[in-house]
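Please read the structure below before turning to the comments.
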Amino acid sequence: MQFSDPGYDWNSFIWTCSNHLVLPVIYLKFLKYDLLGYLPEVLAQHLEDIYSLNRKRNEQILEQMKEINATLNAAGISPIYLKGTGNLIDGIYSDIGERIIGDIDLLVREDDYLKSVELAKEIGYINYWGEPNNPLKIKHYPRLYKEHVPADLEIHHIPVRSKYSKYFNSEMIFRQKTEVIGFPGCFVPGDEHKVVLNFIHSQLSNSGHQLGVVSLRDIYDLYLFSERVNVTTLFSQIPYKRKAGAYFTLAQKLLRTSIFNQQTLTSKIFIWKHDLNLSSPLFNTLNRIPWVISRIIFHEYPKQVKNAFIYKSDRQLLLRKLVNPKRYIYHLNVYKKMIN
């Protein structure tokens, strides 16, 4: 079915793009290739409005980052900006409104970790999740919030979960960090490390490979990285090669461009699961239920109970959660969303 077909299902198209956080880039691509005329007028205006709002928000995020960076630089700390915000200042995107940014992720050295948190608090950031008992055991400090700025702040002392640090860690990133032209004192990972972080975040940390899912926003970032880095050449340096190969091969299929092609059994199964998730709502639900249950039974709740026995603050927090009916409704909605 073509866009010019009067029966084209625009609702499904927009729902998918919105769910994958790629509406601004879709608008820019339609504008570039003169395709907006094929859209219903109200839809074309809707896409333009979303893009304009996102561009304005990203401009505000850049100002927010400058304040954070100036504060850290004044204390002798040179942070490395990760993921979306790092890509934004590094010129990965053709337009600053192209990428939807969730929060500001920055990486500092271990010795600067807690000092950076205190400096952020001095300029108005607060922690509304409660102080962690051992902040060095989590990859980033609990999200910091500040009124009247668009993005929350996550300060990392390691770039990925500790279980993956054997293959990808802070020292590796700091050795190949790149200073950003036009943003003095701002650093980003090297281009090769952007690819590695993209894979680990999408497929390992977020269980993408296990579920057979990808984020189109991550896939688009990978495509832009591939214009700077030869992914096939880089492949030998990437951990979990079968999973990485499956992810890169699916990216090539979705984008219909030359990124990486290694037809292994793992990649075929991964692509099969991905396609079946899209074509069968029943499979998609049944595929997710064991994953959600395992997270509840084997990870999240046991960890909370264990910490409640060890730490008084965790015990008090757990008791507050148990007597709050809104928490049960919140968790029910979260797990429904994870399944669907």
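The values are calculated or read from the model by the stated rules, or taken from the named source; none is laboratory data. Just so we're clear, the structure is a prediction, and the values are computed from it rather than from any experiment. Quick reminder, even Gly has a Cβ in these numbers, built from the backbone with ideal geometry, and neighbours come from all protein chains shown. Surface areas here come from the heavy atoms of the whole protein model, side chains and all, with no ligands, DNA or RNA. Shrake-Rupley method; radii C 1.70, N 1.55, O 1.52, S 1.80 Å.
Select, from Val229, Val195, the only residue that is closer than 30 Å to Ile269 by Cβ, in contact (Cβ under 8 Å) with a residue 40 or more places away in the chain, of a type in the set (Val, Ile, Thr) and open to solvent by less than 20 Å² (accessible area, probe 1.4 Å).
Val195
Would you mind stating whether Tyr113 is at pLDDT 95 or above, among the hydroxyl-bearing types (Ser, Thr, Tyr) and open to solvent by 20 Å² or more (accessible area, probe 1.4 Å)?
So Tyr113 does not fit the description; no.
Take Gln64 and decide whether it is in contact (Cβ under 8 Å) with a residue 60 or more places away in the chain and either buried (at least 20 other Cβ atoms within 10 Å of the Cβ) or part of a helix (DSSP H, G or I) (or both).
In short, yes.
If I filter region 13-30 for residues that are β-branched (Val, Ile, Thr), more than 19 Å from the chain's Cα centre (by Cα), modelled with pLDDT of 95 or more and open to solvent by 30 Å² or more (accessible area, probe 1.4 Å), do I get at least one hit?
no
Within region 167-175, identify whether any single residue is at pLDDT 90 or above, under 18 Å from the mean Cα position of the chain (by Cα) and surrounded by fewer than 15 Cβ atoms within 10 Å (Cβ to Cβ), and answer yes or no.
Scanning region 167-175 turns up at least one residue that is at pLDDT 90 or above, under 18 Å from the mean Cα position of the chain (by Cα) and surrounded by fewer than 15 Cβ atoms within 10 Å (Cβ to Cβ).
Please go through region 67-86 and give me each residue that is closer than 23 Å to Asn169 by Cβ and open to solvent by 10 Å² or more (accessible area, probe 1.4 Å), ordered by number.
Passing the criteria: Gly76, Ser78, Lys83.
Does region 236-273 hold any residues that are assigned to a loop (DSSP other than H, G, I, E, B) and surrounded by fewer than 20 Cβ atoms within 10 Å (Cβ to Cβ), and which are they?
Pro239, Tyr240, Arg256, Thr257, Ser258, Asn261, Gln262, Gln263, Thr264 - these are the residues of region 236-273 that are assigned to a loop (DSSP other than H, G, I, E, B) and surrounded by fewer than 20 Cβ atoms within 10 Å (Cβ to Cβ).
Counting only residues that are in a helix (DSSP H, G or I) and free of Cβ contacts under 8 Å to residues at least 24 places away in the same chain, which one in region 31-45 is most open to solvent (accessible area, probe 1.4 Å)?
Glu41
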